[in-house]
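Input: a single structure, listed below in structure tokens.
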Amino acid sequence: MTLEPPASPADLPATVRLFPLGGVILLPRAVLPLNIFEPRYLAMVRDAMATDQMIAMIQPRESHPRDEVAKPDLYDIGTTGRITQYSETGDGRFLISLTGLARFRLTSELAATTPYRQAAVDYSAHERDWSPAEPLAAATRAHLETMLKSYLETQGLSADWDAVKSADDESLINTLATVCPFSNAERQALLEAATLPARASTLSTLMQFASGEAGEATLQ
């Protein structure tokens, strides 16, 4: 079953299927590849594909122990996404791509009868997610690239600088927020940044902090 993507915030579901996953955030317009293998999340994807093709990514809070039975406490902010690619493997897994639509605030968790968690959510504080992202000022972009270069050097990593220079602001920030080895709380701060320039500022600060820590460790 293939549906047209939502045309406005009003088309987004007020009740969402939750996929709690630590260390992973979904940003508006970003594409997140997922390998689905747990039975409860296989059921979730089946239900999504049979209806609106939407599931919601949200991080568990780090203070809660990882447990297959317990329901970890969740952050308040997550993102609803639409399954835009789907395939099944010979061993029963689903390989999907989830495209971010809009962030939400979790208002209440439902007493769901499904094996996966569900919640009521509110998108009103994040309606700007539906509009094109505000571009970065030239100085902000230059500072971000400077911090990235320093961060990669201290981490012993490299980058394709032609690709970095040619990437649009949002694609670059989405990629860095996803692939850099930040903590759950740091990723959450990136997710919750109100605008793209604010997210760029947070990202620069995180990379600068990490570069400083790495430099101190080297000196010691």
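The values are calculated or read from the model by the stated rules, or taken from the named source; none is laboratory data. These figures come from a predicted structure and were not determined experimentally. So basically every Cβ, Gly included, is an ideal-geometry build from the backbone, and we count neighbours across all protein chains shown.
Within region 152-169, residues that are farther than 20 Å from residue 206 by Cα reach partners that are surrounded by 14 or more Cβ atoms within 10 Å (Cβ to Cβ) and β-branched (Val, Ile, Thr) with beta carbons closer than 8 Å, at six or more positions or on different chains, in the pairs 167/175. The residues listed here are 154, 113; of these, the one that is more than 25 Å from residue 4 (Cα to Cα), assigned by TED's automatic domain parsing to the domain that holds residue 39 and out of contact with any strand residue (DSSP E or B) (no Cβ under 9 Å at 6 or more places or on another chain) is 113.
Could you please find all residues in region 85-131 being aliphatic (A, V, I, L, M), out of contact with any His (no Cβ under 6 Å at 6 or more places or on another chain) and under 17 Å from residue 12 (Cα atoms)? Once the filter is applied, which keeps residues that are aliphatic (A, V, I, L, M), out of contact with any His (no Cβ under 6 Å at 6 or more places or on another chain) and under 17 Å from residue 12 (Cα atoms), region 85-131 yields 98, 101, 106, 119, 120, 121, 125.
It is to be established whether one or more residues within region 50-71 are within 18 Å of the chain's Cα centre (by Cα), assigned to a loop (DSSP other than H, G, I, E, B) and of a type in the set (Lys, Arg). Scanning region 50-71 turns up at least one residue that is within 18 Å of the chain's Cα centre (by Cα), assigned to a loop (DSSP other than H, G, I, E, B) and of a type in the set (Lys, Arg). The residue that is surrounded by the fewest Cβ atoms within 10 Å (Cβ to Cβ), counting only those in region 138-197 that are part of a helix (DSSP H, G or I) and among the β-branched types (Val, Ile, Thr), is 179.
Going residue by residue through region 205-219, is there one that turns out to be among the polar types (S, T, N, Q), closer than 20 Å to residue 31 by Cα and part of a helix (DSSP H, G or I)? No, that holds for no residue. Please work out if residue 99 is β-branched (Val, Ile, Thr), surrounded by 14 or more Cβ atoms within 10 Å (Cβ to Cβ), in the same structural domain as residue 38 (by TED's automatic domain parsing) and modelled with pLDDT of 95 or more. Yes; evaluated as a whole, the condition is true for this residue. Cβ-Cβ contacts under 8 Å between residues 6 or more apart (or on different chains), taken from a first residue in region 77-91 that is closer than 13 Å to residue 34 by Cβ to a second residue that is at pLDDT below 95 and not hydrophobic (A, V, I, L, M, F, W, C), are listed as 82/5; 82/6. For region 33-61, a residue qualifies if it is exposed (fewer than 13 other Cβ atoms within 10 Å of the Cβ) and of a type in the set (Ser, Thr, Tyr), and exactly one does: 51. Picking from residues in region 126-159 that are among the aliphatic types (A, V, I, L, M) and modelled with pLDDT under 95, the one that is nearest to the chain's Cα centre (by Cα) is 133.
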